[in-house]
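These notes are about the structure you will find just below.
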Amino acid sequence: MSSVDSYFDAKEKLMVLNLLRMVFKRFTTLEDLKTYLDNKGVEISIANLSRYINGKALPKSKLKDKLLKVLVGNRELGLDINLLTHKHIEIWPSEYGIAVNNGHLLNDSKALNAILFMAIYKQFIPTDVDKVITAEVDGIVIASTLAHLLNIDCVYARKKKPTGSFRCLSEDIQSATSSRIETLYFPEKYIRKNERVIIIDDIIRSGSTQKALVNLVRKAGGIPVKVIILIGIGSHWEKITKLSNIPFKALTVVPRSES
């Protein structure tokens with residue numbers, strides 16, 4: 001097993017502990033959880049199950065693989081990306097169609113880790129990348145979490161030009177909710193030539209911010225691989241994706257207006 005494979009194997013084992021802790025709340029006793037797993041073809045002792053939930057031990061690789069097949073995407077246990085995301089956000093009507101508050105999700109590290117991990121496990125998020133980039137502010141929590149899962153660096157573009165002598169790239173964006181023009185600034189040296197970069201953000205409405213991030217990566221000499229969004233609002237942003245010539249993936253999509 002290579003060092004990269006060993007890293008992801010260890011990450012998967014740790015995620016199993018996280019997922020087991022999350023689903024255990026749905027069961028009255030460890031025996032109930034054990035029975036559920038037994039019925040899914042995963043044999044595990046009460047003692048080991050207790051150790052895993054309490055973080056006292058890690059499952060062996062074969063058991064880890066079996067547990068992941070049962071847990072990841074399991075709607076019955078709430079371990080589905082859409083279900084988990086909707087559980088941690090608030091949606092209400094606004095003058096722009098709908099408003100989304102994702103503060104609960106960004107402050108729940110277990111849920112955010114689980115969502116991003118499941119997206120990696122389902123191959124929505126590529127792993128053969130060198131950097132993660134986002135725009136401040138809310139995107140930073142997501143990008144740093146993903147960078148930790150992938151064991152790569154996280155960089156971000158700012159809305160104010162940073163002080164210092166290094167050269168900054170810039171890209172203008174139009175606000176999704178007004179005619180105001182904003183500018184994103186990014187130090188050129190943070191992405192090297194031909195580095196493969198994944199763009200990630202919390203919410204996409206018009207796609208202008210994400211398009212600006214793609215352009216900044218290209219200006220720096222990097223290769224934008226894919227744009228990952230936690231929550232896509234409506235479908236207007238899909239027009240931007242066709243212009244950028246790279247894949248866009250919204251892990252959860254909510255209607256532009258509530259019926």
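Applying the criterion of being small (Gly, Ala, Ser) and farther than 15 Å from residue 202 by Cβ to the residues of the range 64-116, the residue that is surrounded by the most Cβ atoms within 10 Å (Cβ to Cβ) is 114. Evaluated against (1) under 24 Å from residue 112 (Cβ atoms); (2) in a helix (DSSP H, G or I), residue 27 falls short on exactly one condition, (2). Report yes if some residue within the range 117-124 is touching an Asp or Glu at 6+ places or on another chain (Cβ under 9 Å) and buried (at least 20 other Cβ atoms within 10 Å of the Cβ); otherwise report no. Scanning the range 117-124, I find at least one residue that is touching an Asp or Glu at 6+ places or on another chain (Cβ under 9 Å) and buried (at least 20 other Cβ atoms within 10 Å of the Cβ), so the answer is yes.
Number of residues in the range 223-245 that are surrounded by fewer than 23 Cβ atoms within 10 Å (Cβ to Cβ) and not in a strand (DSSP E or B) equals 11.
From the residues in the range 186-200 that are touching a helix residue (DSSP H, G or I) at 6+ places or on another chain (Cβ under 9 Å) and surrounded by fewer than 21 Cβ atoms within 10 Å (Cβ to Cβ), which one is nearest to residue 116 (Cα to Cα)? Let's see the steps before the verdict.
Of all residues in the range 186-200, those touching a helix residue (DSSP H, G or I) at 6+ places or on another chain (Cβ under 9 Å) come to 186, 188, 191, 195, 197-200.
Cutting the leftovers down to surrounded by fewer than 21 Cβ atoms within 10 Å (Cβ to Cβ) gives us 188, 195.
Numbers: 188: 27, 195: 22 Å.
Looking at the filtered set, the residue picked out is 195.
Here residue 231 meets each of (1) within 24 Å of residue 125 (Cβ to Cβ); (2) out of contact with any helix residue (DSSP H, G or I) (no Cβ under 8 Å at 6 or more places or on another chain); (3) modelled with pLDDT of 90 or more with one exception, condition (2).
Among the listed residues 68, 33, 49, 17, which satisfies the condition of being part of a helix (DSSP H, G or I), in contact with a Gly (Cβ under 7 Å, 6 or more places away or on another chain), of a type in the set (A, V, I, L, M, F, W, C) and at pLDDT 95 or above? Quick ask: steps written out before the conclusion?
Details: 68 fails: in contact with a Gly (Cβ under 7 Å, 6 or more places away or on another chain); 33 fails: in contact with a Gly (Cβ under 7 Å, 6 or more places away or on another chain); 49 fails: in contact with a Gly (Cβ under 7 Å, 6 or more places away or on another chain).
None of the others qualify; the one that does is 17.
Within the range 72-90, the set of residues being closer than 22 Å to residue 142 by Cα and assigned to a helix (DSSP H, G or I) comprises 81, 82, 83, 84, 85, 86, 87. Here residue 251 fulfils each of the conditions (1) in contact with a Gly (Cβ under 9 Å, 6 or more places away or on another chain); (2) over 27 Å from residue 101 (Cα atoms); (3) at pLDDT 95 or above apart from (2).
Can you confirm whether residue 55 is in contact with a helix residue (DSSP H, G or I) (Cβ under 8 Å, 6 or more places away or on another chain), loosely packed, with under 13 Cβ neighbours inside 10 Å and either β-branched (Val, Ile, Thr) or more than 20 Å from residue 114 (Cα to Cα) (or both)? Against the criterion (in contact with a helix residue (DSSP H, G or I) (Cβ under 8 Å, 6 or more places away or on another chain), loosely packed, with under 13 Cβ neighbours inside 10 Å and either β-branched (Val, Ile, Thr) or more than 20 Å from residue 114 (Cα to Cα) (or both)), residue 55 does not qualify.
Residue-wise test of (1) assigned to a strand (DSSP E or B); (2) under 21 Å from residue 209 (Cα atoms); (3) of a type in the set (Val, Ile, Thr); (4) at pLDDT 95 or above.
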position	(1), (2), (3), (4)
113	no, no, no, yes
132	yes, yes, yes, yes
147	no, yes, no, yes
162	no, yes, no, no
189	no, yes, no, no
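Applying the set (1) under 14 Å from the mean Cα position of the chain (by Cα); (2) in contact (Cβ under 8 Å) with a residue 40 or more places away in the chain to residue 169 leaves exactly one unmet item: (1). Each residue in the range 97-111 was checked for being assigned to a helix (DSSP H, G or I) and in contact (Cβ under 8 Å) with a residue 60 or more places away in the chain, and 4 pass.
The values are calculated or read from the model by the stated rules, or taken from the named source; none is laboratory data. Just so it is clear, the model here is predicted, and its values are computed rather than measured. Virtual Cβ from ideal backbone geometry, glycine too; neighbours counted across all protein chains shown.
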